[in-house]
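Trainee: Have a look at the structure that comes next, please.
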Amino acid sequence: MSLSQILPLFAFLLHLAGILAAMHALMNTRTPQGAFAWALGLSLLPYVTLVPYLYLGRSHFQGYVTLHRAHRQRLSQASQRGEHVGISECCIRYSALAQMVHGTFHPGQQLELLIDGEAAFEAIFKAIAKAERCILMQFFIFHDDALGRRMQQALLERAAAGVRVFVLFDGIGSHALPRHYVETLRAGGVAVYPFATRRRPNRFQLNFRNHRKIVVVDGSMGFLGGLNVGDEYLGLKPPLAPWRDTHLQVAGPAVTDLQSSFAVDWHWVTGELPPMLPPQPVHGSAHTLIVATGPADPQETCSLFFTVAINAARKRLWLTTPYFVPDQAVMSALRLAVMRGVDVRVLIPSRPDHFTVFLASTLHACDAIGAGIRMFRYQPGFMHQKVILIDDNTACVSSMNLDNRSFRLNFEIGALNVDHAFAADVERMLVADFEKAVEITREEYRRAPYWRRLAMHVARLFDPIL
């Protein structure tokens, strides 16, 4: 066949593949907006959309879903068989959230707010050094740099001392992690595996990443938040330095729920369960609900979590997120909060780490300002923390971003804490952050060159995959 005959045949086959992929998207994409966007693009422009769809379009991973829900059901039944503790009056407004995630507000938790990477990792290394029985560790990103090698050495030392060490990292988030880093850990007695929603490797699967950050030491001390293991999280890599982030240290029965979240993921990857150690008794004042969300849930728990948290606010809602790409439900909740007279403030970065998301966030910020939401840009460096402050008694520290990836595509975890003292600590932290920020006005959008405003609107078309 001549080239003039091959090209039309190739174009026909490509369009046919695009139509078949569009049918798959209509049947399987999680949201109507995403289904419409994929179907239209695949039908009309398969030349540019077919390959991205292979990487980003898959929406099912039935094996993990089945296992995940079975674990959830068993944990819920075990909780019902155990000692029943009624929800405290101070937590009643979050009862629907607790029911949705099959969780419990644990009273008497001890909390410590860890501001930025240096404080967070020093606390984590201190806890690891004291480990006697078991360490569970899960991060989205491990880097083979100074911090990564320090973490590697700390885990090897405890493994050599007889401590059982279990490590999970995300296979895509840690794609740059060299094989020798993992092999060194395994040779030293550390059980370490990459997470994926399919046990068989699939280079076409980029969605459904495990974005959780969990450390549990001896079942009694837990850590979670926004930080990963890499030098940039210590603010050592320009141009995003200094890096602004927040982590949480928790002690008490809520640590058991962190172990349970890790155990579900570990069992999927390895077919085995890590040790589940009882927490040590503590005497704190916080009520803590561990919220583990992900695309395996029967409902869109992360989006609903933000909706419930926003709707609970009566006087104040301060929120920090590196990516401000709210869906319709969350944006509506923010608008209604403003109408209730709530002081709604959102802190976002002034520097981009992902340019497309930054452009979409800028347009969403302009829309939010029009709705009466006060938007601020953090000035010193990149702002990566994921924190919510509600009224005077509730604060959340999590791995959850305000975007569709966290809402529907990633596995996330957070701690919702009802406690006046802890909320006051978070308030002081955020007051200092807002003092280093500049309030955004609609002029930011209006004064932008036409090409940049056009790029913002184009970027927003990609909201379903941002």
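Computed from the coordinates by the stated procedures, all read-outs in this text should not be read as laboratory data. Model, not experiment: these values are computed from the prediction. Heads up, the Cβs are rebuilt from the backbone with ideal geometry, glycines too, and the neighbour counts pull from every protein chain shown.
Trainee: Dipole of the chain (Lys/Arg Cβ +1, Asp/Glu Cβ -1, origin at the Cα centre): which of Pro352, Trp243, Val217 lies farthest to the positive side?
Mentor: Of the listed residues, the answer is Pro352.
Trainee: Give a residue-ordered list of calculated ³J(HN,Hα) values for segment 241-257 (Karplus: 6.51 cos²θ - 1.76 cosθ + 1.60, θ = phi - 60°; whole Hz; x for Gly, Pro).
Mentor: In residue order, the calculated couplings are 5, x, 8, 9, 8, 9, 10, 10, 9, 10, 10, x, x, 4, 4, 4, 6 Hz.
Trainee: Show the residues, 5+ positions off or on another chain, whose built amide H is closer than 5 Å to the amide H of Arg164.
Mentor: Cys134, Ile135
Trainee: Once Rh for the chain is found with the Kirkwood sum over Cα pairs, what is the Stokes-Einstein diffusion coefficient at 25 °C and 0.890 mPa s, in µm²/s?
Mentor: Answer, rounded: 106 µm²/s.
Trainee: Arrange Ile6, Ile19, Ile373 by Cβ neighbour counts within 10 Å, fewest through most, would you?
Mentor: So the residues, fewest neighbours to most, are Ile6, Ile19, Ile373.
Trainee: Could you line up Arg149, Arg408 from fewest to most neighbouring Cβ atoms inside 10 Å?
Mentor: Fewest-to-most Cβ neighbours within 10 Å comes out as Arg149, Arg408.
Trainee: Now a separate question. Checking the a/c ratio against 1.5 first, then a/b against b/c, what shape does the Cα gyration tensor give for segment 422-466?
Mentor: oblate
Trainee: On to the next question. Rounding to the nearest 20 debye, state how big the charge dipole of the chain is about its Cα centre with +1 on each Lys and Arg Cβ and -1 on each Asp and Glu Cβ.
Mentor: Dipole magnitude for the chain comes out near 1020 debye.
Trainee: Where a ≥ b ≥ c are the square roots of the eigenvalues of the C-alpha gyration tensor, would you call segment 310-413 rounded, which needs a/c under 1.5, or, failing that, prolate if a/b is larger than b/c, or oblate? Display every interim value, and only then the final one.
Mentor: On the way: a/c = 1.44, a/b = 1.30, b/c = 1.11.
In terms of gyration-tensor shape, rounded.
Trainee: From the residues Ala187, Asn311, Ala35, which one has its Cα farthest along the dipole of the chain in the positive direction, the dipole being from +1 and -1 charges on Cβ of Lys/Arg and Asp/Glu about the Cα centre?
Mentor: About the Cα centre, the residue reaching furthest to the positive side is Ala35.
Trainee: Here's a follow-up. Straight-line reach from Lys126: which aspartates and glutamates fall under 15 Å, measuring Cα to Cα and dropping same-chain residues less than 8 apart?
Mentor: Answer for Lys126, where 15 Å is the Cα cut-off: Glu112, Glu118, Glu157, Asp218, listed by chain and number.
Trainee: Net charge near Arg453, counting Lys/Arg +1 and Asp/Glu -1 over other residues with Cβ under 10 Å of its Cβ?
Mentor: +3
Trainee: Let me ask you something else. Quick one: Val269, Val101, Val48, fewest Cβ neighbours within 10 Å first, how do they rank?
Mentor: Val48, Val269, Val101
Trainee: Around Phe195, which amide H atoms from residues at least 5 apart in sequence, or from another chain, sit under 5 Å from its own amide H, with H modelled in the peptide plane?
Mentor: Correct list: Phe169, Asp170, Gly171.
Trainee: With an 8 Å cut-off on Cα pairs and a minimum separation of 6 or more residues, tell me the relative contact order of the chain in percent.
Mentor: RCO, the chain: 16 percent.
Trainee: For segment 273-346, what does the alpha-carbon gyration tensor say about shape, rounded, prolate or oblate, given a ≥ b ≥ c as the root eigenvalues, a/c under 1.5 as rounded, and a/b over b/c as prolate?
Mentor: oblate
Trainee: Could you tell me the relative contact order of segment 382-466? Use alpha-carbon pairs under 8 Å, at least six residues apart, and round to a whole percent.
Mentor: The value is 29 percent.
Trainee: Output the relative contact order of segment 300-394, whole-number percent, from Cα pairs under 8 angstrom with separation of 6+ residues. Present the calculation step by step, with values, prior to reporting the outcome.
Mentor: Values: 153 pairs, mean separation 37.7, N = 95.
Once normalised by length, the contact order is 40 percent.
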